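Just so it is clear, none of the values below were taken in a lab; they were calculated from the coordinates. Just so you know, these numbers come straight off a predicted model, no measurement behind them. Cβ coordinates were reconstructed from backbone atoms using ideal geometry, including for glycine residues, and neighbour counts include every protein chain displayed.
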Amino acid sequence: MRRKISVVVPSYNEEGNIEVLANRLVQVLKTVPYDYEVIFVDDGSSDHTLDRLKSLGSLDANLYYLELSRNFGHQNALKAGYDSANGDAIISMDGDMQHPPELIPQFLEKWEEGYDVVYTTREYQDEATFFKTKSSDLFYGVLNSLSETKLEKGTADFRLIDRKVANVLVSLTENGLFIRGLIKWLGFKQYSINYVCDARFSGSSKYNLKKMINFAVQGITAFSVRPLYMATGLGLFFSVAALLFIPYILYSYFSGEAVSGWASLLTTIVFFGGIQLMVLGIIGMYLGKLFMQSKQRPNYIIRSTNLQRVNHDLVKL
Ligand code: UDP
Ligand code: MG
């Protein structure tokens, strides 16, 4: 029996990219000796993305869409795709042509060699993405220094995973998804491919600074509790320092030296106030994650789909 490849594409306001991508994908998928399906996940787009997706059927009968009830974010949209795909291997990629479909045969080759995960690390080519490259490098640097799960710089959500990896991923019910970290954490036999990231074909990046910071915080707090320990360490350090200061204060009191400047006093108060707030914030961040997780809300909700096997009211954790 021919095996089947699923391709999952989270798409948020990608009206200008859908048709080009679908065409290029079909062109590539027709050349490989597998059955295939492409599942576009419309992540609550406010443009004509969904209309474009609905009309893809005329191009190829193996193109499907999944409409989420609102914008749930890239990672949740990706999870929706993984959950509903039923291929023997699942490939995920962005819907903006930054991930060249022409790499897919290479993924499949490695898969045939026995690798369970074929992931990619990107290289940017143009200068315009200087900020993105630098901020991305910084993020991976911080993440790797804090977490046991190490990710290579520029790891992207452009990868192939085998059915057995997908089964584990689908069974995970955690909120605050950081899928590239989860995949690394899962283990299995992994192979990395380096590729040059193309420029976006149409539209602009959906990750503004705020979303990028959220994503980075999400990634770090999902994989490391070290910031909590660091908070304890920081508190300990300053308490000891304060203790050491007491003999000096007592000495100046008894020797009759008046403490003069309020500036030093004020600086100390502001400094410690800041540290305390920061530490409380770190603790609050984790507490918030626990709170959200305890509600057991689904990561996404499906509004409609033309995939027969997916229940219209399917709600997956
Ligand atoms: N995306 C999504 N939901 C969102 C934001 C982004 O599904 O809330 C999709 C987007 O359509 C694209 C992919 O995630 O296919 C990556 O987003 P983008 O290209 O904007 O990120 P960048 O490449 O700039 O990091
Ligand atoms: Mg992009």
Computed label-point distance, nm, for sites ARG226 and ILE269 using a 7 Å Cα→Cβ extension: 3.6
Of the peptides 193-201, 147-155, how do they stack up when ordered by the mean number of other Cβ atoms within 10 Å, highest first? 147-155, 193-201
Summing -39500 (n - 2.57) over every DSSP H run of at least 4 residues in the chain and dividing by its residue count gives a helix-only mean residue ellipticity at 222 nm, to the nearest 500 deg cm²/dmol, of -15500 deg cm²/dmol
The answer for the per residue Cα convex hull volume of the stretch 171-317, in Å³, is 242
For the chain, averaging the sequence separation of alpha carbon pairs under 8 Å that lie six or more residues apart and dividing by its residue count, the contact order in percent is 21
Please say if the stretch 3-144 is rounded, prolate or oblate, where rounded means a/c under 1.5 for a ≥ b ≥ c the square roots of the C-alpha gyration tensor eigenvalues, and otherwise the choice is prolate for a/b larger than b/c and oblate otherwise? oblate
Stretched out fully, how many nm does the piece from LYS30 to VAL170 gain, at 0.36 nm a residue minus the Cα gap? 47.7 nm
Once the Cα atoms of helix 130-146 and of the chain are each reduced to a long axis, what angle between those two axes, in degrees from 0 to 90 to the nearest 10, is obtained? 70
Which angle between 0 and 90 degrees, to the nearest 10, do you get for helix 209-223 versus the longest principal axis of the chain when only C-alpha atoms count? 80
For the chain, longest principal axis from Cα atoms; helix 262-294 axis from its Cα atoms; angle between them, nearest 10 degrees, is 30
Where a ≥ b ≥ c are root eigenvalues of the Cα gyration tensor, a/c under 1.5 meaning rounded, otherwise prolate if a/b exceeds b/c and oblate otherwise, the stretch 75-115 counts as oblate
Stretch gain in nm, segment ALA241-GLU112, where the contour uses 0.36 nm per residue and the Cα spacing is subtracted: 40.5 nm
Calculated FRET efficiency for the pair LEU209/SER69, C-beta based, R₀ 30 Å, to 0.05: 0.65
Stokes-Einstein D for the stretch 226-295 (37 °C, 0.692 mPa s, Kirkwood Rh from Cα pairs), in µm²/s, comes to 224
So what are the radius of gyration and Dmax for the Cα set of the chain, in Å? 24.6, 93
Listed here are the pairs LYS79/LYS295; LYS184/LYS206; LYS30/LYS132; LYS4/LYS295; LYS134/LYS164; LYS189/LYS211; which of them are more than 29 Å apart at the Cα? LYS30/LYS132; LYS4/LYS295; LYS134/LYS164; LYS189/LYS211
Once R0 is set to 41 Å, what does the formula 1/(1 + (r/R0)^6) return for the Cβ-Cβ distance between PHE130 and TYR248, expressed as a FRET efficiency to the nearest 0.05? 0.25
